Amino acid sequence: MKLLLMADTHVPKRARALPDEVWRAVDEADVVIHAGDWVDAATLDALESRAARLVGVVGNNDGAELRVRLPEVARLTLDGLRFAVVHETGAASGRERRADEAFPGIDVLVFGHSHIPWNTLTPAGTRMLNPGSPTDRRRQPHGTYLTAVIADGALTDLTLHPIKQPYGLRRT
C-alpha cells in the first residue's frame, strides 16, 4: 500500500496550487494523508476528487468551511498499522512524551504545523512523522512531502521528497 503524507499546503496564500510532482504522487498513492492547514476548500475538493482515498484534518489556519468538513484528529488502521493524524503537537521539546500520552496504542502519528520534516520514535515506539510543507518551506532548504509503503503490517520505504519545481506554477 503506497502512502503520500503532506501538510501545510496553505493554498492559495503561500502558493497558487500544489506542485505538479505532488499531484503525480497523489495519482500513485493508495492513501493520501493531509495533516491540516489547507487554507482553501478548493484544495480539499481537488484532492477528494483525485485521491484513491483521502484522510485529512483541520489546521489552525483553516476557516469555518473546512472546520465543518474535517475533524481535528483522524484515526485509521491500514494493513494492521494504527495511525492518528493531527495538525499540532506543540513545541519540539517534549513532543514524543506528549504524543505517547495523547495517542496511546498508535503506531504512527502524522502531524504538521511547523513546516519542518520530523521522523522520530517515541519512548512507547510510536513513529512520529511531519512531512513538512510542499508549498511553504519556511526555514527549510526546500518544500517537502513524504511517501511510504505499508508491507506486511510494517511501514517501509519512508522517503522525504524535496520539491523540485517552483511552487504553484500550474494547477493540475
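Values in this text are rule-based calculations from the coordinates and carry no lab data. Remember, predicted model here, so these are calculated numbers, not experimental data. As a convention, Cβ positions derive from the backbone with ideal geometry for all residues, glycine included, and neighbour counts pool all protein chains shown.
The table for this structure:
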item: Residue tally, condition among the acidic types (Asp, Glu) and touching a Ser or Thr at 6+ places or on another chain (Cβ under 6 Å), over region 57-116; result: 2
item: Some residue of region 36-56 being within 19 Å of Thr159 (Cβ to Cβ) and crowded, with 22+ Cβ neighbours inside 10 Å; result: no
item: Failed criterion for Leu70 (all others in (1) part of a loop (DSSP other than H, G, I, E, B); (2) under 27 Å from Pro141 (Cβ atoms) hold); result: (2)
item: Identity of the residue in region 115-148, among the polar types (S, T, N, Q) and part of a loop (DSSP other than H, G, I, E, B), that ends up nearest to Ala35 (Cα to Cα); result: Ser133
item: Scope region 44-95; condition farther than 18 Å from Leu109 by Cα and among the β-branched types (Val, Ile, Thr); matching residues; result: Val68
item: Residue match in region 43-57 (condition: in contact (Cβ under 8 Å) with a residue 60 or more places away in the chain and farther than 19 Å from Thr122 by Cβ); result: no
item: Answer residue from region 1-18, given it is out of contact with any Gly (no Cβ under 7 Å at 6 or more places or on another chain) and either in a loop (DSSP other than H, G, I, E, B) or acidic (Asp, Glu) (or both) and is farthest from Gly112 (Cα to Cα) among those; result: Met1
item: Checking Glu65 against (1) of a type outside the set (S, T, N, Q); (2) in a helix (DSSP H, G or I); (3) surrounded by 14 or more Cβ atoms within 10 Å (Cβ to Cβ); (4) touching a residue at least 24 places away in the same chain (Cβ under 8 Å), the condition it does not meet; result: (3)
